[in-house]
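Bear in mind these aren't lab numbers, they're just calculated from the coordinates by the rules spelled out. Predicted model only: the values in this text are computed from it and were never measured. Using ideal geometry, Cβ is built from the backbone for each residue, glycine included, and neighbour counts are taken over all protein chains shown.
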Amino acid sequence: MANVMIINFCHRDFPVNYGQTLLAYAFSEVVKEMGHNPITVSYTERNAFEKNWYLSRLMTPDKKTVLSLSFSAISEFIKSNMTFIPAFCRNDVYEISKLCNIWCIGGDVTWRKKYLGEIFTLDFGSPNVRRVAYSPSIYGYDDESKVIYHEAFHKIKQNFDCISFREEAGIKAYVETTGDVGVTHAIDPIFLIKDKWCKIEKKPENIRKKFVVIYILGDIQKYITYIEEVRKENHDKQIIVIPTSKEWEKYADSKRVIGVREFIWLFRHAELIVTNSFHGIAFSVCFERNFIICERKNLGGEAYDIRVKDFINKIGIKNVLNEKTWNDIDYGLVRRNIEEWQAESVLYLKKALNSEKTTKELPKVYAAKNKNVNIKSKSSSGGVFYEIAKQAINEKGVVYGAAWNKDFSVEHIRVTTHEKIEELMQSKYVQSRMNNKYSEVLKDIKQNKYVVFSGTPCQIMGLKNYLKGVPQDKLLTVGLICHGVPMEKEWKDYLETMKKEYGETINNISFRSKIEGWKELYLVIEFKEEKYCRKWKDDFFCQRFLGNKNLMTKCFNCVAKDHLQLIDIILGDFWRFNTINAEFDDDKGISAVALMTRKGQHQWENVMDHFEYVESDFSTLSRLNYHLEHSAYNPKCEEMQDNGGV
């Protein structure tokens, strides 16, 4: 049984959004039926005030209003029937995701253009986790949104193992953008438990035998005239208005509380339903009721019509969108179409949740050694970065990476010649200043230059945020497997101490000298008069680095570890590779090469002839090099525990 994280908008709105909550409940139930443990994560960015306000509503609702009581009733239903966690920022989602084996986007407008950030494209975390999209809607697709969807769809294609859309319009837009035809048209989750809704329904108080339900979203003033016409035409029936705002609450002729159970009962037994809500329409069809669609004014326009048209055409209701009453619906035909669509969707979801992560879709991983002994000896590990940088410069491109300054602080520099590549080689275990390099990268991209940017995962994450919305087809990011970054002040203090003992003039520093091989770590500092050479375990600065005592605080909870998919190629040491392939290890350096994207794969194919290499896999690399996916532990936590602290 897997823990399945389902990200959607369940119960995110106040006063209420019945459709989003019922969709989330239905999907959670289906995942349970398939033998898994669903964890529903309702994600909405909120500041501290908004978060506290929402939680106060969730825990102790205002009992003075019907809407608050309805909100409370929905909250109680969710707490009783679902594992539900509200997430108020990206870090909340990251932490929850670490508990789950499968991540799922769970329907409705989660792929609407304004939501297409890293959370709803699952563009974070370990690539080993299976990613599934079930029935999301893009809401609308036009010329203005094509740029946003172009980038997002390619991320979705790269990240997800199984992809489906609720509307044909979404499938069409995705296929046109990516060329990937392996997507499914999946029915809304409420239809997956079609026969079970009757088990949770509850009759509200004071309901007559014949009644009409009015469930409308939006500004009440735009609908009053229309609703009054409905009242006149149905004067012999009770009119039940389900409030969706304070204005609609005032308009309702009864102060009854309508929770999830009451909502279902009303829709199952109404003689007529008047609605402009997608899920109002969907539940009307699900329970085979007569219904009227009233125009949805200023709540989506044409995009909304596309969602409705797509749905009613799929289930066999034709040319009736503008009709006032639909008494002549052939629900026999509709039922057959829904059952067929439902069966296809269940089959898709079973396969999506129960299949293993497809090996070919994981990042490709290699252990590599440069055939050029001189290059390998000058490199910290196997000499891969040099060939990537050289190939970029051969194509008239530019390379960015960390280099020593004259005072042996570190900053990123821009390189355009083969001779300067050596300045970027070897690891510098010091924070590298960016200065204005992000803006220089942007300028190079705009000039259509091929750019290679190397750095720590957090530096690449910063660059990607800076370039958001900018086409990045000619940008290749090369990330390092990062243990953590020492504080600049600690390095400066250390150098001052060393200068007092060995002399002011430093000619060169090598953190990873291979004088006794690759595995025995040596720090070599070449002063004017003498050379300082120590094993890491015998050097003060390196000791503190190994013990995590000089690292920046943010390294103990590295957000960038959850965003490795922003990186095209990850490079680092393939430590302990000799435990699985002793013959390949000559103790002169083995690079781990993780190709995270197709762009990275393509670049590797351009340079792979320069290497001896052996294929491995991401799980093995993560096991042998812990810091690929994990932050450094905080030694202060151990000190607190030793001293009896929390």
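Okay, here's what the table says:
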{"quantity": "N128-E520 FRET efficiency (beta carbon distance; Förster radius 35 Å; 0.05 resolution)", "calculated": "0.65"}
{"quantity": "Backbone N under 18 Å from the N435 label point (7 Å along Cα→Cβ), restricted to the range 396-413", "calculated": "398-413"}
{"quantity": "Relative contact order of the chain, defined on C-alpha pairs under 8 angstrom at six or more residues apart (%)", "calculated": "12"}
{"quantity": "Average silhouette area of the range 149-272, convex hull of alpha-carbon atoms, in square nanometres", "calculated": "11.0"}
{"quantity": "Gain in span if fully extended, K531 to I580, counting 0.36 nm per residue against the direct Cα distance", "calculated": "14.0 nm"}
{"quantity": "Label point distance in nm, R268-E228, each placed 7 Å from Cα along Cα→Cβ", "calculated": "3.6"}
{"quantity": "At R0 = 22 Å, FRET efficiency that the Cβ-Cβ distance of R623 and R598 yields, to 0.05", "calculated": "0.30"}
{"quantity": "Positive dipole terminus of the range 332-411, leading residue within L353, G397, G332 (C-beta point charges)", "calculated": "G397"}
{"quantity": "Gain on full stretching of the segment that runs from K199 to H630 - 0.36 nm per residue minus C-alpha separation", "calculated": "150.6 nm"}
{"quantity": "Lys, Arg +1 and Asp, Glu -1 on Cβ, resulting dipole of the chain about Cα centre, debye, nearest 20", "calculated": "1060"}
{"quantity": "Net length gained if the chain between T417 and K146 were fully extended (0.36 nm per residue, minus Cα distance)", "calculated": "93.8 nm"}
{"quantity": "Förster-model FRET efficiency, 25 Å R0, C89 and Q543, C-beta, rounded to 0.05", "calculated": "0.10"}
{"quantity": "Charge dipole magnitude, Cβ of K and R +1, D and E -1 - the range 548-640, Cα centre, debye nearest 20", "calculated": "560"}
{"quantity": "Cross-link pairs beyond the 23 Å C-alpha cut-off, checked among K531/K636; K537/K636; K390/K537; K146/K309", "calculated": "K531/K636; K390/K537"}
